[in-house]
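The values are calculated or read from the model by the stated rules, or taken from the named source; none is laboratory data. Keep in mind that this is a model prediction, so the values were computed, not measured. With ideal geometry, Cβ positions are generated from the backbone for all residues, glycine too; neighbour counts draw on all protein chains shown.
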Number of protein chains: 2
Amino acid sequence: MADLMAATGLQKGGIYRHFSSKEELAAEAFDYMWQAAWDARMLHVDERTSGLDKLKQLIANFVESRTLVAGGCPMLNTAIDADDGNPVLRAHAAKALRCWLTRLQAMVKEAVERGETRPGVDPKTVGALIVASLEGALMMSRLERNSDALRRVQEHLNHHIETQIAAPR
Amino acid sequence: MADLMAATGLQKGGIYRHFSSKEELAAEAFDYMWQAAWDARMLHVDERTSGLDKLKQLIANFVESRTLVAGGCPMLNTAIDADDGNPVLRAHAAKALRCWLTRLQAMVKEAVERGETRPGVDPKTVGALIVASLEGALMMSRLERNSDALRRVQEHLNHHIETQIAAPR
């Protein structure tokens, strides 16, 4: 709240006037931070023509933007902090996760439809793997204070996409 | 603090008498919860004779014990909450992460030395991948309130161990 007052130059009453509750204010703040993280992660993704290249660009963006998104990933923070506390905030974070997974699945489906993949590739599993390993590596990077885990996970995901998901050339 | 007073039956003063600071109390509580999580995750692991079977048992334990460890993974919670706040707690969580990675790397090395693996397997990358994807999937499972992400990650890790790490039979 103190951060918010400093950032906006408003008094507490001035901030609360715009929101029906503290819970809703936190949820709006989450949406704002998630949008910033999302923009950084989606940079240049739509310029790639192949679905699998889009996945790789997104993975690279996630690794590179680690230090750009202040305070780490809003989803990771919220999943932990809002678990028992704020149901409005929790719902916003859960919705952001669903949107992210849907977008990743769409990239894999695009690759499947263009004949770029091996038979049997499951878009839901690919999406879950990418989100889980990136978010977990981000958590590790915060504890280790370096990018080692993120780099290793990026290497694994790229290799997996090239050798297990992409159709052999 | 209220939880701790209820659990121990002690007053606040009685609890603080045993610890030099609030920070140290939180760190000791972390160690206690981490030990409980660790015991659940290591169940039957040492009964497996192959290093790769140990990895698979640990992964299965992590997925199965999701609902057993109250409040989720202590490391995940602490990595987020203690990032800027409590340096003592943060150091304990970072040490727990190092121990976990070292243990996983030892299992992979054991497999390499017994000739169970393909050439070029990197114990550090395998360890980072397993921790990152399991912890990230746990975060997703908390937001989604189901085990879907954990099951998909388990499936991926087992398939990866069988087809990319294990030597062809």
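When B:Met107 is tested against (1) more than 9 Å from chain A (Cβ to nearest Cβ); (2) of a type in the set (A, V, I, L, M); (3) over 17 Å from the mean Cα position of the chain (by Cα), exactly one condition is not met: (3). Filtering the range B:115-124 for residues that are buried (at least 23 other Cβ atoms within 10 Å of the Cβ), part of a helix (DSSP H, G or I) and modelled with pLDDT of 95 or more leaves an empty set. Among the residues in the range B:45-61, are any touching a Ser or Thr at 6+ places or on another chain (Cβ under 8 Å) and either in a loop (DSSP other than H, G, I, E, B) or at pLDDT below 90 (or both)? Taking every residue of the range B:45-61 in turn, none turns out to be touching a Ser or Thr at 6+ places or on another chain (Cβ under 8 Å) and either in a loop (DSSP other than H, G, I, E, B) or at pLDDT below 90 (or both).
Among the residues making up the range A:139-161, those that are more than 8 Å from chain B (Cβ to nearest Cβ), in a helix (DSSP H, G or I) and under 18 Å from the mean Cα position of the chain (by Cα) are A:Ser141, A:Leu150, A:Arg151, A:Gln154, A:Leu157, A:Asn158.
Based on what the data block shows, is B:Asp31 surrounded by fewer than 14 Cβ atoms within 10 Å (Cβ to Cβ) and in a helix (DSSP H, G or I)? So B:Asp31 fails the test. Every condition in (1) surrounded by fewer than 16 Cβ atoms within 10 Å (Cβ to Cβ); (2) at the interface with another protein chain (Cβ under 10 Å from one of its Cβ atoms); (3) closer than 20 Å to B:Gly72 by Cα holds for A:Asn77 except the one numbered (1).
Considering the range A:121-133, the residues that are touching a residue at least 24 places away in the same chain (Cβ under 8 Å) and more than 7 Å from chain B (Cβ to nearest Cβ) include one that is nearest to A:Ala106 (Cα to Cα), namely A:Gly127.
Residue pairs whose Cβ atoms lie under 6 Å apart, sitting 6 or more positions apart in sequence or on different chains, and linking a residue in the range A:81-105 that is assigned to a helix (DSSP H, G or I) to a partner that is modelled with pLDDT of 95 or more and crowded, with 17+ Cβ neighbours inside 10 Å, are A:Leu101/A:Gly127; A:Leu104/A:Gly127; A:Leu104/A:Ile130; A:Gln105/A:Pro123; A:Gln105/A:Gly127.
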